[in-house]
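A short worksheet on the structure shown next.
The values are calculated or read from the model by the stated rules, or taken from the named source; none is laboratory data. Because the structure is a prediction, the values reported are computed rather than measured. We place every Cβ from the backbone using ideal geometry, glycine too, and count neighbours over all the protein chains shown.
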Amino acid sequence: MKREGPVALLMISGFLYIISVIVASPAMEPVAATLDDWYKVVVGFINLVGVISLTQVNGRAVLRRSEGWFYNAILLVVLYGYIILGLVGGLHNVAFNLIYDNILTPILMTIFSTLTFWIGSAAYRAFRAKNADAAILLVAAVVVMIGRVTLGSAISPAIPKAAEWILNFPTVAGMRAIEMSAAIGGIVLALRMITGLERSFMGFD
Amino acid sequence: MSNDIWVWIGAFLTLGTYSILFKDNPVYRVLEALFVAILAGHSVVINWYNFQKPTLTGRLGEGKEWTLIIPLFLAALMYFRYSRKYAWLARYPMAFLMGIGAAYVLTKNLKPMFLAQARATMLPLWVPGNIGATINNWIVVIGVASVLTYFFFTIRKQGPVNAFSRVGRIYLMIAFGALFADTVLGRVSVTLVRFQFLLQDWLGLGM
Amino acid sequence: MTIFEKLDSLDRRWVFAFQALVFCIVILKPVGLALTVGDQVRTAYETIDSLPAGSIVWFGTDYQAANAAELEPAALAILKHCFQKNLRVIGASTWPEGGAMMARLLNQVTPDFPDKEYGVDFLNLGYRPGGQVWLQQLTDDLPAAVGGVDHFGDPISEYPIMDGLNKIQDVALIVGIHVGTPGTPEYIRVITDPHNVPMITVLPAVSVAVTMPYLASGQLVSIVASLRGGAEYELISGFSGTAMTGMDSQSFMNLTIVIFVILGNIGFFYNKYKKGASGGGGANV
Amino acid sequence: MIKEGMVLTFILELIMGIALLVVVKRARAGKKIPVIHEIPGLKALEEAVGRATEMGAPIMFVPGKGDLADAQTYAALPVLEYVAKSCAEYDTRIIVPLGVAVVYPVAEAVTRQAFQVSGKGDAYRETDVRFINEQNWAWAAGINGIMEREKVSAQILFGAFWAESLFLAEAGNRAGAMQIAGTASTSQIPFFVAACDYTLIGQEIFAASAYLNPEPSTTGGLVVQDWGKMLGLVLVLLGSILVTLGSNAIAELMLK
């Protein structure tokens, strides 16, 4: 029940789905449709796991008065306050949307925008032509950086052309091979799961 | 300067968040708690109205689709992971999700991600009268082949295989350089919007 | 320590400060560099322009607020273009925040099109769980997959826009605004590749190189990339927006980074020449 | 019988499935199968643990943002096990901040078990494996906070990452931590290459993982993967030659 049961469920649901998709028989079609629906329902109803974990982690910090527990307390109050606001007021509720648009959105956008600064310092710090590999990466990056902005064509029409060429030929080739290897890797993992060889999702006990 | 209270709040939030560029500080930690909480809360509420409520009241309540009890039961088992004794029950919903997930990979990925990509690489190695296209086709074919070789792990890379694999690494470095550069573009646009907000909407400069 | 030696190991905050300064200057004193419309955006524009009035365009808003700044200008220009051509628009998302993102887009565009009516000309279906499994359901039975409510949790059975829409294959075009998973690959695997539904993707710059193989293989119609794609779309469609003003800053910020890279390398080689030791960087590239 | 457009998929995957079972069976029976060659960059893991021990500072192991349906998570877990074991042996603390709730119990079990196997079960601190947040920016910000407070000596980023990759790598750099990264999230590789001391590129993480944890199923999987890639190589080369000669036979076959 503890180990073989889940593996059996994995194999049965997986094989059933594959057969119903791959075999051209109208009798099998509802099977895949039903499994799709159940999948969606399971995913849609396990979402509280994240909230419970969040509550556990932060609640524990508050109870133990660990370093910075005050922030954990704020988090819990806002989390449950906001959930209650949404569930009581509905999605047309002005306060609910105002908080989302005027508090959450600016913070999130700003966090994302700090990446520009990290990218600048990472480029400065790391892009050194230490060896052949690094030099190639550096030259490709500089050509594309200048060639993809309006300034590039202002300097010389050859720069945007070079940037386009790098993106359309060597980059496409490299990325395509990465995608193809990734596809094979994913398929082999799926085969290992569906044949019951890969069981680490159950953890260790 | 703006007269809108929300612009002031937005400016405070923006500057407070940027403070992380210097060091971790209390203002940033409060903002962090705020956005974690609001995001998590938002997704709970959205999922309730967009999916859980219509499923429970509509399909189960009015539609009497009793078979839905099976996936709902599976989902409920997930919550046993908080129990020390019955945590293994949570493996069942996981196993179901992974079985379907594996089936998706096996039925949907090979063709668009592998076969179609191989097909798109089958290019003529001699384009009559067009030396440029000929060279470009060679570059793509050799690139795909050499990067695939780079990712062989159970073959000892010696002699020509090793050399070809090195070629693959050069392609990867070009691709990563291009990718890095391209990304700078995107990130800059996000920062630009924040600076426009601070300078124009809030301080009223350069309008 | 000479200036050349210092160039090898400037404090990151100098880099930050200089970048911030460049942003301020470019916003306050724009130069106005000329912009040209690239092939990708032209293809996207012509594809939408050639759709017959009344066709349904599916907006897959699979992104979150953090990405809005980069993607919204392009999404807004495309949405305006759709309304102008009297196309009908349905938004839906596999990301919990996607419904709110579609609402943001609509709130910004609908004031310019007062005759467009919710449920008739456009609809926001919001989020559904399941990722690619939900996309698969859309190809089998769209109304069942949607489950009868919109983003606000209101019933949609009365809305005429849903009439005759039985499968996602019935839409004329998919505009995928994607940043991650689920995103473009899932749409390609489940909808566009097996069912030949044309798709345009609006992508952040970081995803472009990764997605290029699908464009080159014909599995995608076009990629409208980042703020620049938005600016080009604004230019070709004649809708003025915020993206155009951003192009200067992109140019100068890229230049700033390139200058820092060059300075860093000058310092690196100077130190190497002087001491024969390696510099301050620490990468394995 | 078999749906149109699925024939080639079905045949190829059936062959791969059978090959997998045969290889794994041979490996389990102790017969010879191809071996994985050492991945450069793995030595860096030992170096990181050594450095942490010397400094008396903790190691941060970030197993990515993938869930349990993500192959990269499975690549990360054996590496976590390996690093946790080394940490236990040298009495070094390891902090594992999780960004995916479903991975949390698994990562917790892997780490605890690694300490127990090394006979240091008492040294394992339950609070060091912690779930931070499902939202990737909150998760990244949380890691940044830990990084600054705990004075981490080395950061190992292994698994699936999104846009937060550079934020994490730069946070580690700012804290002066040695950094080792490995990801198959293609769009994030350049940032790790630029910002980290060692980077495992793409599929290398799967090889590294199987190298550290050479059990028949993972090694066999890698062998079959290599065969799949070889098939891709042959298809591309042969297809191009045939196309050059004016035949679309192989290209058309891909659509079957």
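Observations, loosely collected:
- Answer residue from region A:131-156, given it is part of a loop (DSSP other than H, G, I, E, B) and more than 7 Å from every other protein chain (Cβ to nearest Cβ) and is surrounded by the fewest Cβ atoms within 10 Å (Cβ to Cβ) among those: A:Asn131
- Hits in region D:182-220 (condition: more than 8 Å from chain B (Cβ to nearest Cβ) and more than 28 Å from A:Leu197 (Cβ to Cβ)): D:Gln188, D:Phe192, D:Ala195, D:Cys196, D:Asp197, D:Tyr198, D:Thr199
- Helices (runs of 4 or more DSSP H) enclosed by region C:1-109 - at least 2 residues per element that are at pLDDT 95 or above and either crowded, with 23+ Cβ neighbours inside 10 Å or not assigned by TED's automatic domain parsing to the domain that holds C:Gly183 (or both): C:39-49, C:65-84, C:98-109
- In region C:218-230, the residues that are more than 15 Å from C:Val206 (Cα to Cα) and within 8 Å of another protein chain (Cβ to nearest Cβ) form Cβ pairs under 7 Å with partners that are of a type in the set (D, E, K, R) and surrounded by fewer than 24 Cβ atoms within 10 Å (Cβ to Cβ), at six or more places apart or across chains, as follows: C:Gln219/C:Asp193.
- A:Ala140 falls short on exactly one of the conditions (1) without any contact (Cβ under 8 Å) to a residue 24 or more places away in the chain; (2) more than 24 Å from C:Trp14 (Cα to Cα), and that condition is (1).
- Selection count, region A:10-64, where residues are away from chain C (no Cβ under 13 Å), of a type in the set (Ser, Thr, Tyr) and surrounded by fewer than 19 Cβ atoms within 10 Å (Cβ to Cβ): 2
- Among the conditions (1) over 30 Å from D:Leu21 (Cβ atoms); (2) part of a helix (DSSP H, G or I); (3) within 11 Å of chain B (Cβ to nearest Cβ), D:Gly172 misses just one, which is (3).
- Any chance A:Ile159 is within 30 Å of C:Gly230 (Cα to Cα), within 24 Å of the chain's Cα centre (by Cα) and either in the same structural domain as A:Thr171 (by TED's automatic domain parsing) or buried (at least 19 other Cβ atoms within 10 Å of the Cβ) (or both): no
- Flag for B:Phe176 being more than 21 Å from C:Ala205 (Cβ to Cβ), facing chain A (nearest Cβ under 8 Å) and at pLDDT 90 or above: no
- B:Ser146 fulfils the conditions (1) surrounded by fewer than 18 Cβ atoms within 10 Å (Cβ to Cβ); (2) hydroxyl-bearing (Ser, Thr, Tyr); (3) at pLDDT 95 or above except for a single criterion, (1).
- Residue check, D:Asp226 of a type in the set (Asp, Glu) and modelled with pLDDT of 90 or more: yes
- Once region D:112-135 is narrowed to residues that are at pLDDT below 85 and touching a Phe, Trp or Tyr at 6+ places or on another chain (Cβ under 9 Å), the residue that is farthest from A:Gly59 (Cα to Cα) is D:Gln135.
- Considering each residue of region B:39-62 in turn, at least one proves to be aromatic (Phe, Trp, Tyr), under 26 Å from D:Tyr104 (Cβ atoms) and either touching a Ser or Thr at 6+ places or on another chain (Cβ under 6 Å) or facing chain A (nearest Cβ under 7 Å) (or both).
- Qualifying positions in region D:124-155 - more than 8 Å from chain B (Cβ to nearest Cβ) and free of Cβ contacts under 8 Å to residues at least 24 places away in the same chain: D:Glu126, D:Thr127
- Scan of region D:205-214 for residues that are at pLDDT 85 or above, more than 8 Å from the chain's Cα centre (by Cα) and not hydrophobic (A, V, I, L, M, F, W, C), ordered by number: D:Tyr211
- When residues of region C:119-134 are limited to those that are in a loop (DSSP other than H, G, I, E, B) and out of contact with any strand residue (DSSP E or B) (no Cβ under 9 Å at 6 or more places or on another chain), the one farthest from A:Asn47 (Cα to Cα): C:Gly119
- Of the residues screened, A:Arg192 is one that is more than 7 Å from chain B (Cβ to nearest Cβ) and either assigned to a helix (DSSP H, G or I) or among the hydrophobic types (A, V, I, L, M, F, W, C) (or both).
- Flag for C:Ala172 being farther than 30 Å from D:Phe191 by Cα, buried (at least 24 other Cβ atoms within 10 Å of the Cβ), small (Gly, Ala, Ser) and more than 8 Å from chain B (Cβ to nearest Cβ): no
- Selected residue [in contact (Cβ under 8 Å) with a residue 24 or more places away in the chain, at the interface with another protein chain (Cβ under 7 Å from one of its Cβ atoms) and touching a helix residue (DSSP H, G or I) at 6+ places or on another chain (Cβ under 6 Å)] from A:Met202, A:Met175, A:Met180: A:Met202
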